[in-house]
Structure formats: C-alpha cells, structure tokens
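*Asks:* Here it is, the structure, as structure tokens.
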Amino acid sequence: MALQAKNLEVTYRTAGGRSVPALTDINLEIADREFVTIIGPSGCGKSTLLKCFGGLLSPSSGEVTVNGQPVTEPDPNRAAFVFQDYTLLPWKNVLDNAAVGLHFAGRSKAECRTRGQEMLELVGLEEFAKQYPRELSGGMQQRVAVARAMAMDPGILLMDEPFGALDEQTRQKLGSEMGRILTETERSVVMVTHSLDEAVFWADRIIVLSARPGRIAKEIEVKAPRPRSLSFIGTDEFAMIRAELFRLLEVPSAMAEASR
Amino acid sequence: MTALLEVVQAQPAGKNVRRRRPSQSAHRWVLLGVVIALLVIWEILSRLEWVNPMFVSRPTDIFAAIPDVLGDEKAVDALTTTGTSIWWAIVYAVIIGIVGGYLLGSVQLLRDAFYGPVNFIIGIPKSIFIPIFLLVFGINTQTAIYYGAFSGIFYVMINVVGGLDLVEERHMMVARAYSASWWYRVRDIVLPASTPGVFAGIWYGIKNGLQGVLIFELFISVGGLGSLIKTYTNRLEIDRVFVVVLGVAVISIVLGEIWSAIERRLSRWRPSSTANADTGA
C-alpha cells in the first residue's frame, strides 16, 4: 500500500494566537512493504507527521494519500498505530486489548476472540490472554500493542517510538523479534525513533527531519536485506550510516547543509 | 526466546493466589481484645458508678436488652421502615448522582455553572434544609427518603466528576486511532476509566443516604429507628437506645462490606484491587 505526502505543512496556533510552524514542505512517498524510519531532533515534528499519515491530525495544507485516496480521518484497516507508551486499556485483559480495534469495528465476539488469539500467538503471548496489562512487563505490553495493530490487518503500520519506554536490553531483543514479525507479515511500516541504532537497524530507508519547522533534510537508503540479525550492527554499512546520522543530528552545520 | 525472558515478571492466569499473612489474623485478635477490654472497663466504671448507669447503660444491660428490643413489635416495624427508606434513599442518590455527575463532568457549561454550588452544598450541614423538605413534601416517611437521597446525591456527583477527570487523553487517542464510535468511547473508555470515582461516589451515597434518613427520623417523628431512639431516650430506656444504635452500626458495616466486595470484584484490573473507597467499615 503506497503512502504519499504532497506539500505537507502543519502549523499550530498557540493559546496566545501565535502561529507556530511544525512541519513544512514535506514531500514523501512510501512504497508497498517498505520499512521507513523517521529520525530528527526533539520537537522537529516526527510524531506530528505520523499523526498526519494516520489521519489523527489534519495538515494545515497539502495532503496525504494512500493508494491515491486522501487520508482525512483514522482508518485502522488502512493504517494502524502503535504508540510509545503502549496505551493498553488497563481494564481489559490482554486478549480483549489485542482485539479492541475489531471490537470497535463492531465485529462479533467470536471473531474478536479468534483473531485476538492468533495475534497473541504471533507475538508469543498466547499464554497471557486472560491477564491484565499491569501483570505484564513493558516489553510484553508493547507486543500486545503490536498485536492490537496487526489484528486490523492494516496496509501500513505507524509506530511512534514503540520501544522508547523500554530499557536497552529489552529494546534490542524485542526489536529483533518485531523486525522478524513485521518482515514476515509483509506490510509497509513507518517508525518514528530517537535511536540512531534503531533507525538504521530496521529501515529500508531513513528520513532525517531538520529542527522545527521539520522538513526532510536527507533520505538515506539501507541496502542490507531484511530481516536483519543483530550481527548487522557490527557491519561497515551500519557503522557508516550511523556515523552519517550522528553527524546530521549532532552537528548543526551538517544539518543546515543537508536541508539546503 | 524473548517471550521466555520476559515471562519472569508475570505468572500465567490462575496462579495469582492471595495468601493471608500470619500477622493479619493476629491483628484481628488484638482488635477483638481491645474491644473486650473497653467493654470491661465500661462495665467496671458503671458498676462503681463513676458514670451514671441511668444515662450510660452497662454493657451487660445492653446485651440483656437485645431480646427485648427484637421482641418489640414497634422496633421491628421501625427497622423495616428505616431499612426501606435507606434503600430507596440510596437508590435515588446513586442514580441521580451518577447521571448528574456524568452530565456535570462532560458538559463544560454545566460544570462551570453548577460545580461551585454543588461544592457549596457539600460544605454546609444538610440538616438546615429539613424545614424546607417538610414544607414541600410534608411529614411522612417518603420525605425521609427524599432527604436521605438529597444528603447523598452531591457526594456521588462530585466523585463522579472526579472520576471523569481520570479519563486519560492517551486512551481517548487510542479510541480515535481505532475509529471507535461515540458509544464505544463511552462504554469502553470513559465508563471504565472513571470507575474509581464512581465507586467512591456510590460509597459516599450509601453512607450519607443512611445518615440522612436517620437524622430526618431523629428530628421528625415519622417512624423508623431514628424516632425509636427518640422514644426510648424520652423513657430513659438507654440500654434499648444502645441496642438500636448497635443495630444501625451493624447495618452500616454490612452495607460497607457488601459494597467493598462488589468493588473488589469490579476492580480486578486496577494495580491495587482492594477497595479504594473510604468505606470506614
């Protein structure tokens, strides 16, 4: 499912009535089954861009289309979100959380149960179907959030710093596991991240946004085939791209030059 | 492999058996001991006439009066009257309070207009409204129900509003991201998220509804336990007064325990699934 952003601009209005541009001049095309990571300085509009892709936020100008159809409101069958802080509903058990999107779509209880169970098996949590989120670790909760998104069978998965709240070790293990699952399920993924390693490890293509107002400063292609094993982190390609990202994000003149 | 590594923090369903700590049972025996000791001291002071037994009956006299009160037809009638009044006062307080609380909490205009007055009413003694209730509804048991409901409604409302403030924006965003309709948002997000406030509100509704009915019966002789207390007091049958007071305390404790059990059952998802309302029971 191809996603396209044309001349996208988002401007916020402050309580005092001042206009603050968050994103400007975003032109981007994401191909079917492509894995794109978005990285940039804090406050550059990464999450805002993701919300526009998913229809959670209307751009001030420009448009987002999926297969030529304009995105005006959320549609989890088209693009499903995975949020940073899991956002599982604490009063629903793991199975009901995994199937909550189907439940909201008015599907039957039996279908929700069957599909929810399948998705929990996919993320390796079938044994925990009847437990509540508070009884799971952060990594497990995030996998339930991934199961919830996958249950909708979306064409595009929109992940907003999905591993940001996890410790480094869990992040790496879960990242590797999720990388395999997402590659096997063959869908387009757009993932916002703060982590240079994550940005390189996961992506077919990395979009680097400049500081606010966010604009695309650079696009970097990662040629190594997916799914990648953790040994990819030790390769020259990984090191070179990581160094390039580091330079863009940490050296203001490099970012300014790339943005021109 | 990842699943196995993370499983350490969780246990499969059904293995979460809660065991009673040994100190818990010891704690109960200590409490019982304290109560018995207080009763013994009370009895001794009364027998030594350090307190006047005419105004403060001895515990032994009070226990001896229990069969008399239970055999008194008037007492049984009063218990039935008060029980029925309390039940309806609680039902009205809880239903009106919850509906009113949700309206107040979700419509900003209503909140701006009425949140202050509701807080004001909570802050003043409700008994000053008894004459108005008498004027409007007359001297009868139905008025006790209305006054009991009035005593509880505002506490329910204010707690429900507090519960609505617990609804988290991130959960509402999930609902939007997954295209939940208005009805699903209310049923699956707003109602469950606000349950801590609603549960606390229901408990305050029970407590204040009960108090309201009894206070009304004490002030106005419309029958019921409140009036019975007044009758026994006028006759200086203080042992019987204490029996009725004991009965009211038992009703209050039983209601509190029933509600705590219901709340525990409905709150299993919360980090601490023990009753959070201040049941005071």
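*Asks:* For region A:63-91, which positions are surrounded by fewer than 19 Cβ atoms within 10 Å (Cβ to Cβ) and away from every other protein chain (no Cβ under 13 Å)?
*Replies:* Within region A:63-91, A:GLU63, A:THR65, A:ASN67, A:GLY68, A:GLN69, A:PRO70 meet the criteria.
*Asks:* Something else about it: Of the residues that make up region A:40-49, is at least one over 13 Å from A:GLY214 (Cβ atoms) and aliphatic (A, V, I, L, M)?
*Replies:* no
*Asks:* Here is a list: B:ALA113, B:ALA93, B:ALA89, B:ALA144. Which entry is part of a helix (DSSP H, G or I) and at pLDDT below 90?
*Replies:* Selected residue: B:ALA113, the only one of B:ALA113, B:ALA93, B:ALA89, B:ALA144 that is part of a helix (DSSP H, G or I) and at pLDDT below 90.
*Asks:* Okay, moving on. I'm told B:PHE55 meets every condition in (1) hydrophobic (A, V, I, L, M, F, W, C); (2) part of a helix (DSSP H, G or I); (3) under 22 Å from B:ILE229 (Cα atoms) except one. Can you identify the failing condition by its number?
*Replies:* Result: B:PHE55 fails condition (2) only.
*Asks:* Going through region A:25-45 one residue at a time, which ones are in contact with a helix residue (DSSP H, G or I) (Cβ under 8 Å, 6 or more places away or on another chain), within 15 Å of A:ILE220 (Cβ to Cβ) and not in a loop (DSSP other than H, G, I, E, B)?
*Replies:* A:PHE35, A:THR37, A:ILE38, A:ILE39
*Asks:* Let me spell it out: the conditions are (1) surrounded by 16 or more Cβ atoms within 10 Å (Cβ to Cβ); (2) free of Cβ contacts under 8 Å to residues at least 40 places away in the same chain, and B:PRO117 meets all of them except one. Which number is the exception?
*Replies:* (1)
*Asks:* Within region B:224-241, can you find the residues that are β-branched (Val, Ile, Thr) and either in contact with a Gly (Cβ under 8 Å, 6 or more places away or on another chain) or closer than 15 Å to B:ILE66 by Cα (or both)?
*Replies:* Matches in region B:224-241: B:ILE229, B:ILE238, B:VAL241.
*Asks:* Quick check on A:THR37: is it surrounded by fewer than 20 Cβ atoms within 10 Å (Cβ to Cβ) and either farther than 27 Å from B:ALA180 by Cα or in contact with a strand residue (DSSP E or B) (Cβ under 6 Å, 6 or more places away or on another chain) (or both)?
*Replies:* no
*Asks:* Report, by residue number, each residue of region B:162-172 that is under 23 Å from A:LEU157 (Cα atoms) and either modelled with pLDDT under 90 or more than 7 Å from chain A (Cβ to nearest Cβ) (or both).
*Replies:* Within region B:162-172, B:GLU169, B:MET172 meet the criteria.
*Asks:* Do you know which residues across region A:125-180 are at pLDDT 90 or above and of a type in the set (Phe, Trp, Tyr)?
*Replies:* A:PHE128, A:TYR132
*Asks:* Right, something else. Given the conditions (1) of a type outside the set (Asp, Glu); (2) within 14 Å of another protein chain (Cβ to nearest Cβ); (3) farther than 22 Å from B:ASP112 by Cα, which single one is not true for B:VAL136?
*Replies:* Among (1) of a type outside the set (Asp, Glu); (2) within 14 Å of another protein chain (Cβ to nearest Cβ); (3) farther than 22 Å from B:ASP112 by Cα, B:VAL136 violates only (2).
*Asks:* Still on this model: Please indicate, with yes or no, whether at least one residue in region B:195-218 is without any contact (Cβ under 8 Å) to a residue 24 or more places away in the chain and surrounded by fewer than 19 Cβ atoms within 10 Å (Cβ to Cβ).
*Replies:* Yes, region B:195-218 contains at least one residue that is without any contact (Cβ under 8 Å) to a residue 24 or more places away in the chain and surrounded by fewer than 19 Cβ atoms within 10 Å (Cβ to Cβ).
*Asks:* Related question: Can you pull out the helices (runs of 4 or more DSSP H) entirely within region A:154-260 that have at least 1 residues that are among the polar types (S, T, N, Q) and on the phi < 0 side of the Ramachandran plot?
*Replies:* Per the criteria, A:168-184, A:252-259.
*Asks:* Look at A:GLU127 and say whether it is of a type outside the set (Phe, Trp, Tyr), touching a Ser or Thr at 6+ places or on another chain (Cβ under 7 Å) and either surrounded by fewer than 17 Cβ atoms within 10 Å (Cβ to Cβ) or at the interface with chain B (Cβ under 9 Å from one of its Cβ atoms) (or both).
*Replies:* No; evaluated as a whole, the condition is false for this residue.
*Asks:* Give B:TYR178, B:TYR146 a once-over and let me know the one that is touching a helix residue (DSSP H, G or I) at 6+ places or on another chain (Cβ under 7 Å) and over 22 Å from B:THR82 (Cβ atoms).
*Replies:* B:TYR178
*Asks:* Would you mention how many residues in region A:92-112 are buried (at least 18 other Cβ atoms within 10 Å of the Cβ) and over 23 Å from the mean Cα position of the chain (by Cα)?
*Replies:* Final tally of qualifying residues: 3.
*Asks:* Every residue in region A:92-135 that is of a type in the set (Lys, Arg) and assigned to a loop (DSSP other than H, G, I, E, B), please.
*Replies:* A:LYS92, A:ARG107, A:LYS130
The values are calculated or read from the model by the stated rules, or taken from the named source; none is laboratory data. Predicted model only: the values in this text are computed from it and were never measured. Because the Cβ atoms are built from the backbone with ideal geometry, glycine has one as well, and the counts that use them run over all protein chains shown.
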